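The values are calculated or read from the model by the stated rules, or taken from the named source; none is laboratory data. All of these numbers come straight from a predicted model, not from anything done at the bench. Glycine gets a Cβ as well: all are built from the backbone with ideal geometry, and neighbour counts include every protein chain shown. Side chains are part of the model used for accessible areas, which takes the heavy atoms of the whole protein and leaves out ligands, DNA and RNA. Shrake-Rupley method; radii C 1.70, N 1.55, O 1.52, S 1.80 Å.
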Amino acid sequence: MIRFENVSVTYDGVPEPTVRGVDFEVPEGELVLLVGPSGVGKSTVLGAVSGLVPHFTGGTLRGRVTVAGRDTRTHKPRELADVVGTVGQDPLSHFVTDTVEDELAYGMESLGLAPDVMRRRVEETLDLLGLAALRERPIATLSGGQQQRVAIGSVLTPHPRVLVLDEPTSALDPAAAEEVLAVLQRLVHDLGTTVLMAEHRLERVIQYADQVALLPAPGAAPVLGTPAEIMAVSPVYPPVVDLGRLAQWSPLPLTVRDARRRAAPLRERLAQVEPKGTERYATEPSTRPTADDAPTAPAAPARRRLRRRPSPTPSTPPTTSHPPQVAETRSLAVRRDRVQALRHIDLTVAPGETIALMGRNGAGKSTLLAALVGLVAPTSGSVRVGGAVPHRTAPREVVRQVGLVPQEPRDLLYADTVAAECVAADGDAGAAAGTCRALARELLPGITDGTHPRDLSEGQRLTLALAVVLTARPPLLLLDEPTRGLDYAAKSRLVGVLRGLAAEGHAIVLATHDVELAAELAHRVVLLADGEVIADGPTADVVVASPSFAPQVTKILAPQKWLTANQVREALR
């Protein structure tokens, strides 16, 4: 169905090909998973299937890509639209209408399908992806994860023969990701749909793949094989494989179920050892109510609020040298676009503490972060950060106390090069020259000064935005889905940076669907559902009690409270 014949792609102004030697076939009715570190060209390979590369992106494509017999060099994306459905990393760039139902119907209208067929398929897709309750909602009011599901649904309704998906579960909570992947599996198994998918969160998708194509390094030829074969040699692999390698299981397990069947001897060895990991904070579990997330993509004034340079005038010192908390909300409620996004949230954040906000898409996580940074005002209740009320405080004072890395990195990035972006960040933060570039170099090794942010992958742009915000070293750092588009190595570097900041006394609150990140980093987990805080406590206690939000190692070794393969590795030394 998809055939790559010795394909290489070289972008204008780049001396070396981004990908080369791509030569493999995706048979009809199979799901092939494209894996590899960030920046190796996975999105370029996917774009070559839909014709976006090179017709939209520019550059030179050598070799040949055919889809259902059509050569993508001679067929532009619109001439492939009836056979190829594409969902990129950024769902906002995908939408052309205003409401959910209209977006699901748009692709079919473009193909001239009959109204009764369109109606039936829209209803089927609303049910498949759990979107029925959102059918009349404006897309702009949806959370990032809800938008991702709409983007996937909009390419499913025309019933394409080929689906090309770039990080399709990156913005989805665990339950929603399972639903989407189950839909893809049914399309492959029951309808013979061909799927080519890139995804960094291999713990979610590896068990669904028929084959895996590994791009081991930039410009290197891909290696194709079964999931087990590739995971045995891949530089990127999920926690279940990490634990299997550690325990020397052969063949390597790819699912929690397979690993649990072999884990009894390992559990016996670990039974007398206390897990070591993130320090636990004694917390008072909240029984008060939170809820529907709406996207917090700041407009230009909000972006200036986040990036504006602090005033050189010293701020009033705190009343104590060690304040009891960096941030506090009391009975916080927020209503946005007729949606009660937060209800009666009581939350305290202590210096040096890392809190993971978790919950379904639309649970209120992004809205809570927006309230903490002053982008939204409380409907009732209060928010205080460092003694200030964020939404009533001048931006130059707010940035002294709190910094936000939003879901969409483009909201913070507006210079033409990485170097210029970092120079601007140093000026905005009043930091020494080179501060931001040093951070970016640590988080993004190998990225040159002259690289345009738009030429970075989604994960690389997100990491650059993090470096921009970290330049000011605010006492409170907020991150909204910080691992979208990051591979395991980049995630490990991020964890190291954030741990260092926490050790220096910075408080960190991150909204995330990445249960593995929470297990690795968070002291506390605050679980939100439908407008309420339903759990607030030490990470191990909360995630062990929640099957949906438990990391893979926890599921494998339960009822013992192990969170990560690194904890197990330390215990076995």
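Some points to look at:
- Dipole in debye (nearest 20) - the chain, about Cα centre, beta carbon charges: Lys, Arg +1; Asp, Glu -1: 1160
- Surface calculation, 1.4 Å probe, protein heavy atoms: His75 sits at approximately 60 Å² accessible.
- Euclidean distance of C-alpha centroids, region 1-64 and region 124-143, integer Å: 32
- Accessible surface of the chain, 1.4 Å probe, proportion on carbon and sulfur as whole %: 50
- Phi-based couplings in Hz for region 195-205 (Karplus 6.51, -1.76, 1.60; Gly and Pro marked x): 10, 10, 9, 10, 7, 7, 7, 5, 4, 8, 10
- The heavy atoms of Thr379 present about 90 square angstrom of accessible area, all protein chains included, probe 1.4 Å.
- Label point distance in nm, Arg186-Ala489, each placed 7 Å from Cα along Cα→Cβ: 3.9
- Distance between modelled label sites at Asp98 and Glu79, nm, 7 Å Cα→Cβ extension: 3.6
- Prolate/oblate/rounded call for region 470-529, Cα gyration tensor, a/c under 1.5 rounded: oblate
- Antiparallel %, DSSP beta bridges [both residues in the chain], to 5: 50
- Per the Debye calculation on region 386-519 with a single equal scatterer at every Cα and no solvent contribution, log₁₀ I(q)/I(0) for q = 0.17, 0.19 Å⁻¹ amounts to -0.89, -1.12.
- Residues in the chain average 40 Å² of solvent-accessible surface per residue, probe 1.4 Å, ligands and nucleic acids excluded.
- Prolate/oblate/rounded call for region 1-103, Cα gyration tensor, a/c under 1.5 rounded: prolate
- FRET efficiency estimate (nearest 0.05) - Cβ-Cβ, Val233 to Arg330, R0 45 angstrom: 0.25
- Mean separation of Cα pairs under 8 Å and 6 or more residues apart, divided by the residue count, gives region 100-190 a relative contact order of 35 percent.
- Between His452 and Ala432, the contour length at 0.36 nm per residue exceeds the alpha carbon distance by 4.9 nm.
- Solvent-accessible surface (1.4 Å probe) assigned to Val402 amounts to roughly 10 Å².
- When Lys365, Lys555 are compared by accessible area of protein heavy atoms, the largest-first order is Lys555, Lys365, using a 1.4 Å probe.
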